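Everything below concerns the one structure shown next.
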Amino acid sequence: MAYTKAEKERLIKLLKKHTDDRVKELVTEKDRISRECERKVLRRLNTVSVTLWNIKLKNVLELERQYKPTVKRILKDIRKLQDSFDTEAGHGGQSSKSDGTNASSRSYEMN
């Protein structure tokens with residue numbers, strides 16, 4: 001079936017309009033999905049304890065391999081890791097408590 005030049009142009013125009021509309025729909029869907037995923041990630045991040053924010057996941061996984069974790073034991077080990085990070089980073093300007101620990105560990109005791 002042969003198309004005339006006008007029919008071909010009209011068909012091309014229609015297909016371009018259709019593809020443009022589809023691209024707009026896909027971009028809208030992509031934006032919606034990305035916002036939804038971001039909300040889910042942020043909601044999950046907000047459930048993470050503040051004491052865990054500076055701990056690398058690698059260190060947590062190593063602890064889990066060594067023993068079956070309990071909350072009390074994990075928090076104890078995290079405090080040890082935090083103290084070791086604080087001493088490695090050389091936070092000499094922090095005030096010390098009378099028992100020799102630095103002032104940053106006070107916030108962990110309150111939580």
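Helices (runs of 4 or more DSSP H) fully within the stretch 2-91 that include at least 1 residues being small (Gly, Ala, Ser): 5-46, 71-89.
Filter the stretch 63-111 down to residues that are over 25 Å from the mean Cα position of the chain (by Cα) and acidic (Asp, Glu) and give me whichever is modelled with the highest pLDDT. For the stretch 63-111, the residue satisfying everything is GLU88. Those residues that are surrounded by 12 or more Cβ atoms within 10 Å (Cβ to Cβ) and either under 15 Å from the mean Cα position of the chain (by Cα) or not β-branched (Val, Ile, Thr) (or both), I need them from the stretch 36-61; list them, please. Selection gives SER49, LEU52, ILE55, ASN59. Selection of the stretch 65-75 for residues being exposed (fewer than 11 other Cβ atoms within 10 Å of the Cβ) and among the charged types (D, E, K, R) yields ARG65, LYS68, LYS72.
The values are calculated or read from the model by the stated rules, or taken from the named source; none is laboratory data. This structure is a prediction, so every number in the text was calculated from the model and none was measured. Reconstructed Cβ throughout: ideal geometry from the backbone, glycine too, with neighbour counts over all protein chains shown.
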